[in-house]
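Read through the structure below, which is laid out as structure tokens, and then see the notes.
The values are calculated or read from the model by the stated rules, or taken from the named source; none is laboratory data. Just so it is clear, the model here is predicted, and its values are computed rather than measured. Cβ atoms come from the backbone with ideal geometry, glycine included; neighbour counts cover every protein chain shown. Ligands, DNA and RNA are excluded from the accessible area calculation, which covers all protein heavy atoms including side chains. Shrake-Rupley method; radii C 1.70, N 1.55, O 1.52, S 1.80 Å.
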Amino acid sequence: MHIVFAASECVPFAKTGGLADVVGALPPELVKLGHEVTVYLPLYAGVRRQIKGELKHAVRSITIPFAYYNRFAGVVNGGKRAGVQYYFIDCPELFDREGLYGTAEGDYPNNWERFGLFCRAVLEAAKLLGVPDVFHVHDWQAALIPVYLRTTYNSDPLLKQSGTVLTLHNAAYQGAFPPSTTERLLLPWEIFTMDKLEQFDSFNFLKGGLVYSDILTTVSRKYAEEIQTPEFGNQLDSVLRGRAEELRGILNGVDYTQWNPATDPNLAAHYTPENLAGKRECRADLLRAFGLEQVGDSTPVIGIVSRFAMQKGFDLVEQIAGRLSELDVAVVALGSGEPVYEKFFRDWAFWNKANVAVRIGYDDALSHKIEAGADIFLMPSLYEPCGLNQIYSLKYGTVPVVRATGGLDDTIEEWDPKQGTGTGFKFRGMRSEGLRDAIDRALAAFEDKEGWKRLMLNGMARNYSWEQPAREYAVVYEEAAKKRE
Ligand code: ADP
Ligand code: GLC
């Protein structure tokens, strides 16, 4: 089958979070299964820098009409990597910017136009460069593809046969804009109703995708259940319940060519389950990188790598921060995002220089060093569609402490010291006491060196490669294509 991926992020070209890891890793795995895969991305400033030499245009100019004006987009041929064909939608006035979605001041006000154009340009490009059996679109930024396909492109003889799959990576980001967006994007007003794109007087990109795609998937089984409830559905739960028959939960894999302590080029030393010695060196290297050389050999190191967003549960950490920094632990955190959380981490580190250190920013190499050098990985997310860092942690022998939600619940099993089973520590509920108790259980387990080694090895033995999920997606593509026969 030929699958077209359309997304706003993809490793190694553009990344703000896990979406990029998924869109980077799943296509090569599908190629291994014998499928043809083409990935479309916007040509952001950062992508332009990565393309050495002159841009090679596969298509010089596509006309994208808006109400009262046209825009023109080229399609740049990004070549093939691991059998996957990459194309970039080139519209400098919309995409040639540093931020993918906005600046420190907030989102770009014309994101409706940026991603509206992206969706339409992908359809037009596919007509010229190869119509797929299935469009696999990701999150709100690509969610208008199925909408255009079934409305204004409905009678296009070339596109008629293509099925659509939408993967929902995070129900909280929906792309909501004023009602007038409908006509600015030249969509018919008939679709601006509550059973289609309208969401409480907004034009909602994601809702459109949820209504018009043949099959819906999300990134863990647990999250597929959760988003059908008012608590997690971000007011789209009733739409999702209405489409429960077509909604699948497929747990993300991780790319072990990038995330493996035996080969990771970012580490001071390598290690394997058979020989863990290198992890000590990684720990020392990590503490050096954070200026915490004085931390004693037997002190457990807690690591955090995250977008600093409300989703990630740092309000709970703040509530127990005072107590935590008085214990015999070291904390190293890397992240950036909402100013309140950046301030919390900066202040926490400022008042606890001996054992708490933070780096505000985005740093891929340092994120690998934390996965390897820490003993415990902390991820108390309020909700987590899948979560990748806890899965990386398992591979690196770094024991996750997580809230039992979404993919965190699906991937982490509570440690049972009597049986020697389990891979981490989980808590339920929204109260900081739950987090505190889970950390206490982890710290108590850390005292028992033999038990802790078992716990590390249990996690390291888990396999979350893309092989299995790629097969599950292939089945979903078959289903979507069948609906168009
Ligand atoms: P989300 O997509 O919600 O941010 P995930 O756990 O799925 O959460 O994925 C986050 C990805 O982004 C991981 O690959 C993680 O290592 C990376 N990441 C997040 N914040 C940073 C940061 N400050 N520096 C480097 N990598 C980061
Ligand atoms: C989203 C989610 C995260 C998930 C990632 C990749 O950003 O917040 O939980 O792992 O997408 O699917």
>> Whether any residue in the range 177-196 is of a type outside the set (Phe, Trp, Tyr) and either within 24 Å of the chain's Cα centre (by Cα) or not assigned by TED's automatic domain parsing to the domain that holds Tyr477 (or both) is what I want to check.
In response: no
> Which residues, counting only those in the range 223-254, are touching a residue at least 24 places away in the same chain (Cβ under 8 Å) and open to solvent by 50 Å² or more (accessible area, probe 1.4 Å)?
Replying inline: Glu225, Asn234, Gln235, Arg248
>> Cβ contacts < 7 Å: first residue more than 14 Å from Lys395 (Cβ to Cβ), restricted to the range 363-374; second residue part of a loop (DSSP other than H, G, I, E, B), any location; separation 6+ or different chain. Result?
In response: Ala365/Asn266; Lys369/Asn266; Lys369/Leu267
> Condition test on Arg288, is it under 27 Å from the mean Cα position of the chain (by Cα) and of a type in the set (Lys, Arg)?
Replying inline: no
>> Out of the residues in the range 314-351 meeting the condition of being in a loop (DSSP other than H, G, I, E, B) and out of contact with any strand residue (DSSP E or B) (no Cβ under 8 Å at 6 or more places or on another chain), tell me which one is nearest to ligand 2 (Cβ to nearest atom).
In response: Leu327
> Restricting the search to the range 302-353, which residues are open to solvent by 10 Å² or more (accessible area, probe 1.4 Å), β-branched (Val, Ile, Thr) and under 19 Å from Ala289 (Cβ atoms)?
Replying inline: Val305
> If you go through the range 3-12 one residue at a time, how many are more than 9 Å from ligand 1 (Cβ to nearest atom) and open to solvent by 20 Å² or more (accessible area, probe 1.4 Å)?
Replying inline: 1
> Condition test on Tyr362, is it part of a loop (DSSP other than H, G, I, E, B) and closer than 25 Å to Glu105 by Cβ?
Replying inline: yes
> Any idea which of (1) open to solvent by 10 Å² or more (accessible area, probe 1.4 Å); (2) part of a helix (DSSP H, G or I); (3) not assigned by TED's automatic domain parsing to the domain that holds Asp214 is the one Ala474 doesn't satisfy?
Replying inline: (3)
> Scanning the range 380-393 for residues that are within 17 Å of Met456 (Cα to Cα) and in contact with a strand residue (DSSP E or B) (Cβ under 7 Å, 6 or more places away or on another chain), which turns out farthest from ligand 1 (Cβ to nearest atom)?
Replying inline: Ser393
> Residues in the range 155-168: is at least one within 16 Å of ligand 1 (Cβ to nearest atom) and within 25 Å of Gln311 (Cα to Cα)?
Replying inline: yes
> Does the range 181-201 include one or more residues that are within 16 Å of ligand 1 (Cβ to nearest atom) and surrounded by 24 or more Cβ atoms within 10 Å (Cβ to Cβ)?
Replying inline: no
>> For the range 202-222, give me each residue that is aliphatic (A, V, I, L, M) and open to solvent by less than 10 Å² (accessible area, probe 1.4 Å).
In response: Leu206, Leu210, Ile215, Leu216, Val219
>> If Arg403 satisfies all but one of (1) within 20 Å of Lys222 (Cβ to Cβ); (2) in contact with an Asp or Glu (Cβ under 7 Å, 6 or more places away or on another chain); (3) in contact (Cβ under 8 Å) with a residue 40 or more places away in the chain, what's the number of the condition it fails?
In response: (2)
>> Out of the residues in the range 95-108 meeting the condition of being touching a residue at least 24 places away in the same chain (Cβ under 8 Å) and touching a Lys or Arg at 6+ places or on another chain (Cβ under 8 Å), tell me which one is surrounded by the most Cβ atoms within 10 Å (Cβ to Cβ).
In response: Phe95
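Here is a yes/no grid of residues against (1) closer than 30 Å to Gly233 by Cα; (2) more than 15 Å from ligand 1 (Cβ to nearest atom):
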residue	(1), (2)
Leu324	no, yes
Asp328	no, yes
Glu338	yes, no
Trp351	no, yes
Arg359	no, no
Ala365	no, no
Ile370	no, no
Asp375	no, yes
>> Among the residues of the range 147-155, are any open to solvent by 50 Å² or more (accessible area, probe 1.4 Å), in contact (Cβ under 8 Å) with a residue 60 or more places away in the chain and not in a loop (DSSP other than H, G, I, E, B)?
In response: no
>> Give me the strands (runs of 3 or more DSSP E) completely within the range 1-88, filtered to those with at least 1 residues that are charged (D, E, K, R) and away from ligand 2 (no atom under 16 Å from the Cβ), ordered by residue number.
In response: 36-42, 57-66, 69-81
> For the range 15-24, how many residues are buried (at least 24 other Cβ atoms within 10 Å of the Cβ) and either of a type in the set (Lys, Arg) or more than 7 Å from ligand 1 (Cβ to nearest atom) (or both)?
Replying inline: 2
>> Take the conditions in the same structural domain as Lys127 (by TED's automatic domain parsing), modelled with pLDDT of 95 or more and closer than 16 Å to Val137 by Cα and apply them to Ser8. Does it pass?
In response: yes
> For the range 357-373, what are the residues that are among the acidic types (Asp, Glu) and open to solvent by less than 10 Å² (accessible area, probe 1.4 Å)?
Replying inline: Glu371
> Which of the residues belonging to the range 305-334 are polar (S, T, N, Q) and over 15 Å from Asp347 (Cα atoms)?
Replying inline: Ser306, Gln311
